[in-house]
Each structure stands twice: as C-alpha cells, then as structure tokens.
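Notes follow once the structure below has been shown.
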Amino acid sequence: MNIYKSFFKDTAIYGIASVLPRVINVGLVAIHTKVFLTEEFSSMTTWYVYAAFINVILTLGLETSFFRFFTSESDKTKVVSTSFTILVLSSLTFLLVGYLFSGSLSDFFGFSDQRFLSILLWTTALDTLTVIPFAYLRVVNKSFRFLMIKTTNILILAFFTVLFLIWIPKYNLLSLTESMGMTMAQYKPQVLHIFIANVIASFLTLVLLLPELKKMTLTLDRAILTKLMRYGIPIMIGGVAYVINENMDKLIIPALIGDHANGIYAACYKLGVFMTLYITAFRMGAEPFFFNNAHLSDAKQKYSKIMTGFVAFGSLFLLLVVVFVDLLAGIFLKQKVYLEALYIVPIILLANLFSGIYSNLAVWYKLTDKTKFGMYISMFGGVLTIVSLMVLVPLMGILGAAYATLFTYFSMAMISWYFGRQHYAIPYELPKLFGIIAVGVLISQLSFYVFRGNYLMNILLVLGYITFLWALLKKDIDNVLNTN
C-alpha cells in the first residue's frame with residue numbers, strides 16, 4: 001500500500017477513536033454553560049486542570065515508552081506486563097498517599113468539599129490503569145475495539161451528565177434524589193455531579209478493558225523496567241510542562257483577575273478545541289507511523305511532506321473555525337455572558353496549531369532516544385508560560401493569557417526545529433510552511449475583524465484559501481496519490 005495512504009488510514013481510524021469522544025465532550029459544554037454560572041464553570045475547569053497534572057505524573061511517560069520498546073524488544077509480553085505493573089504501583093501509591101494526607105491535599109487544591117478530592121483520586125487512578133490496555137489495542141491494530149471503548153466511555157459520561165444536570169430536575173426523578181439523601185426541593189445541579197459522572201465513566205471503561213487486562217500479569221522485568229523509565233521519565237517531565245503550557249492560564253487568571261474572567265475565558269478557550277481535535281487525530285496516527293518507518297532510506301523526506309500536509313490542513317481548520325465562530329459559539333455557549341471572550345479564539349487556534357507543529361517536530365528526539373531534549377524544551381516552555389502570564393494578564397487581561405499561550409508554543413516549535421537540525425536533520429519546506437501559515441492568518445484576520453457575520457464573503461475567502469493551497473501543493477498531492 002502507498003505509505004502515505006497507510007498513514008492517513010491509521011490517522012483516520014485512531015483519529016476518529018480519539019476525536020469522536022472529544023467532540024461529544026465539547027457538546028457537553030453547551031449543557032455546562034447553560035446550567036452553571038461563570039464562577040462555577042471556573043471551578044469545574046480548575047478541577048480538570050488538577051486531574052490533567054495528576055494523570056501525566058501517574059502515567060510516567062509510559063504510553064510513548066511502550067510503543068518504543070514493544071516494536072523493538074523480542075519478548076513483547078515482558079514489555080506489556082512490566083509497563084502495566086508500573087502503572088498499577090503508581091496508582092495504588094497515589095491512592096494511599098491521597099487518603100493519608102486528604103486534609104492537607106484538599107486545602108492545597110482549594111477544595112471546600114472533601115468529595116472533590118476523593119473523586120479526583122479515584123478518577124485519575126482508574127484512568128491511569130487504562131493507559132497500557134489502550135496502547136496495546138493500538139499497537140496490535142485492534143482499531144475497532146479501541147474506537148468502541150473510547151466512544152462508550154464518553155457516552156457514559158454524557159448520559160450521567162445529562163441525567164444529573166437536566167433530567168433529574170426536569171422530570172422530577174424523586175427516587176434518584178432520595179438515594180442521594182435529598183428531596184426534589186433541595187436538589188440543584190452542581191459541579192460535583194460532573195465529577196461523579198467522570199468517575200462512573202472511568203470505572204466502567206476499565207471493566208470494558210477486562211479482556212486486555214487478563215493478558216497482563218503483575219511482573220517486573222528489571223532490564224525492561226530500566227529502559228521504560230529511562231525513556232519515559234523525560235517524557236513525563238515534558239508532559240507536566242505541557243500541562244503547564246496548556247492549563248496554567250486557568251489557574252493564574254482566577255488568582256489575578258477573578259473567577260468570572262476565568263469562567264468566560266475557559267468557555268471560549270473550548271472553541272479552540274477544534275484545532276486540538278485535529279492535532280490529536282494526527283498524533284494518534286503519526287506516532288506509530290514515525291517509529292514503524294524510521295528504517296526507510298527516505299524517511300526524512302516523508303516526514304517533511306507530512307509536516308507540510310499537517311500545516312496546510314491545520315491552517316484551513318483555523319480559518320474555518322474563525323469564519324463560523326459565531327455559529328459555533330451559539331451552539332456551545334448558552335449564556336450571553338460567555339460570549340464576551342470570543343476575541344481570544346483566533347489567537348488560541350493559532351497557538352494550538354504551533355503546539356501541533358511542535359508535536360510533529362518531536363520526531364527527531366523520539367527516534368534518536370534523546371527524549372531529554374523534549375523535557376528541556378517543555379520545561380523552558382513551562383517557565384515561559386508562567387512568566388508570560390504573570391506579565392501579560394495584569395496588563396491585558398484574558399487577551400494577555402491568549403497571547404502568552406501563542407508566544408510559548410511558537411517559541412517551543414522554533415527551539416525544537418533548531419536543535420532537530422543538529423541531531424536528526426529533516427528537510428522541512430520552510431518557505432512553504434511559513435507561506436501557508438501567513439496567508440491563513442491574514443485571511444482569518446480579515447474574516448474576524450472585517451467580514452465577521454458576512455458569510456457569503458467569508459465563504460469566498462475560504463474558497464480562495466483552498467485554491468491557494470491547491471496551487472501550492474498540487475505536485476505534492478499528486479505524488480502522495482501515485483507513489484508507492
């Protein structure tokens with residue numbers, strides 16, 4: 001099969017498996033913004049930020065390590081069992097420490113309700129235990145099962161979210177509220193209900209993965225353990241820095257300018273998730289592809305072409321979201337107050353595009369086993385994020401937070417490209433890449449600030465950009481379609 005077609009096939013299958021649940025999750029934002037005030041939305045966002053930090057730490061970078069050594073080690077059973085055992089130990093340790101120091105941790109996180117911490121502990125521990133089973137499904141190409149379980153997870157979350165926030169108060173489900181220790185008159189949808197729905201979904205997902213879990217024994221191979229941890233720990237540290245880059249704004253904004261500002265910022269930030277969905281779909285297909293084809297003599301040329309295609313489609317995604325931003329906002333942001341921050345959306349989309357470029361550039365240190373560079377760059381990005389937020393948010397409010405995110409991801413991409421040239425030089429088509437981004441950003445600015453709401457003109461702008469991309473990339477497209 002044409003190697004590019006194989007890449008796009010894998011990206012499509014695993015992209016759907018990752019993107020479809022996220023699309024449904026984005027749809028839940030419409031319910032959240034309908035039910036909750038901005039301060040409550042801010043509180044919910046903060047809980048998810050803490051969960052993101054904990055998940056990265058507990059998984060220890062083992063998903064990428066698992067792919068790396070499953071493909072290279074002869075005894076794959078040892079890789080599977082050792083990887084899974086490490087995460088079982090990290091989850092149990094986390095639960096033990098969490099309950100031993102529950103009071104101090106609740107104060108640290110700012111949880112007024114002890115149940116917030118308990119649900120956080122169990123949700124993150126359960127999610128950690130699913131990492132290797134899901135990675136195993138990917139590496140053995142059980143894509144349909146992977147897709148079904150991922151989709152079921154988010155459908156369970158959606159069901160219980162709608163149940164707690166909409167159906168119980170609307171249909172007067174007295175028996176359910178009595179089981180919670182309250183009458184209908186006392187029942188009110190709370191942020192806590194979202195977290196309860198999360199832990200239920202996480203538990204049932206682990207149950208669905210039981211056939212895979214039965215194949216994983218609790219054994220540690222010392223040699224494999226050393227390789228996994230040596231490779232994975234820098235990725236984990238880089239992952240923590242990535243979470244800082246992605247989420248620190250939602251912690252700093254309420255501290256500096258209040259929960260209301262954070263609530264409208266976090267809600268409008270969600271519209272930038274459309275770029276994140278695209279990047280996630282790409283990454284799910286790209287990571288196994290990069291490892292599996294590194295031995296080819298023209299691997300670097302292929303990686304270069306893939307980067308060009310990624311940037312082209314990403315820039316088109318950016319333009320489409322900007323063109324239809326008011327329609328999307330009307331679907332997902334149900335209270336008018338949340339629309340106040342729509343002006344951050346184009347900036348967040350561009351920041352996420354550079355985040356995807358950085359992820360694509362990461363191929364050089366992953367293939368050369370120099371993951372420490374990824375750690376250093378991500379740590380630099382984390383520091384840059386915090387400094388930029390502390391400087392720009394007091395000066396520019398939530399707009400400063402958006403610019404801080406863009407500045408950080410652009411800087412990380414440029415630094416990774418610079419070091420990549422020295423250690424694993426890939427002949428990226430830089431003039432083409434910058435041309436694609438520059439024209440896309442220019443047309444997006446025209447759409448948002450000049451022709452906003454004029455959909456006829458905006459559609460013409462989109463068609464013009466597609467024509468530009470076709471003219472620029474026609475030879476590349478022909479080669480992809482015809483080269484085996």
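The values are calculated or read from the model by the stated rules, or taken from the named source; none is laboratory data. Computed from a predicted structure; not experimentally measured. Note that each Cβ is placed from the backbone with ideal geometry, even for glycine, and that neighbours are counted across all protein chains shown.
Annotations for the structure displayed:
- Number of residues in the range 333-353 that are surrounded by fewer than 22 Cβ atoms within 10 Å (Cβ to Cβ) and assigned to a helix (DSSP H, G or I) equals 7.
- Residue within the range 43-64 that is modelled with pLDDT of 85 or more, in a helix (DSSP H, G or I) and farther than 24 Å from Gly98 by Cβ present: no
- Unmet requirement for Gly314, which otherwise passes all of (1) of a type outside the set (Val, Ile, Thr); (2) buried (at least 23 other Cβ atoms within 10 Å of the Cβ); (3) farther than 23 Å from Asn479 by Cα: (3)
- Residue among Gly440, Gly453, Gly397 that is over 20 Å from Ala341 (Cβ atoms), more than 22 Å from the chain's Cα centre (by Cα) and among the small types (Gly, Ala, Ser): Gly440
- Residue within the range 303-313 that is closer than 26 Å to Tyr231 by Cα, part of a helix (DSSP H, G or I) and under 20 Å from the mean Cα position of the chain (by Cα) present: yes
- From the options Gly258, Gly309, residue that is of a type outside the set (Asp, Glu), on the phi > 0 side of the Ramachandran plot and out of contact with any helix residue (DSSP H, G or I) (no Cβ under 6 Å at 6 or more places or on another chain): Gly258
- Taken as a whole, the range 447-455 holds no residue that is within 15 Å of Ala312 (Cα to Cα), without any contact (Cβ under 8 Å) to a residue 12 or more places away in the chain, loosely packed, with under 13 Cβ neighbours inside 10 Å and not charged (D, E, K, R).
- Leu399, sole failed condition from (1) touching a residue at least 24 places away in the same chain (Cβ under 8 Å); (2) closer than 22 Å to Leu433 by Cα; (3) among the hydrophobic types (A, V, I, L, M, F, W, C): (2)
- Residue check, Leu60 over 30 Å from Trp364 (Cβ atoms) and of a type in the set (A, V, I, L, M): no
- Matching option when the condition is surrounded by 19 or more Cβ atoms within 10 Å (Cβ to Cβ) and either among the small types (Gly, Ala, Ser) or touching a Ser or Thr at 6+ places or on another chain (Cβ under 9 Å) (or both), among Ala255, Ala197: Ala197
- Selection count where residues are free of Cβ contacts under 8 Å to residues at least 24 places away in the same chain and touching a helix residue (DSSP H, G or I) at 6+ places or on another chain (Cβ under 6 Å), scope the range 424-441: 0
- Residue in the range 269-279 that is under 21 Å from Met390 (Cα atoms), crowded, with 20+ Cβ neighbours inside 10 Å and out of contact with any Cys (no Cβ under 7 Å at 6 or more places or on another chain) present: yes
- Flag for Val88 being surrounded by fewer than 14 Cβ atoms within 10 Å (Cβ to Cβ) and either touching a residue at least 60 places away in the same chain (Cβ under 8 Å) or assigned to a helix (DSSP H, G or I) (or both): no
- No other residue among Glu178, Glu246 is at pLDDT below 90, charged (D, E, K, R) and more than 31 Å from the chain's Cα centre (by Cα) apart from Glu178.
- Residue identified as closer than 18 Å to Lys214 by Cβ, at pLDDT below 90 and of a type outside the set (A, V, I, L, M) among Arg115, Arg145, Arg138, Arg68: Arg145
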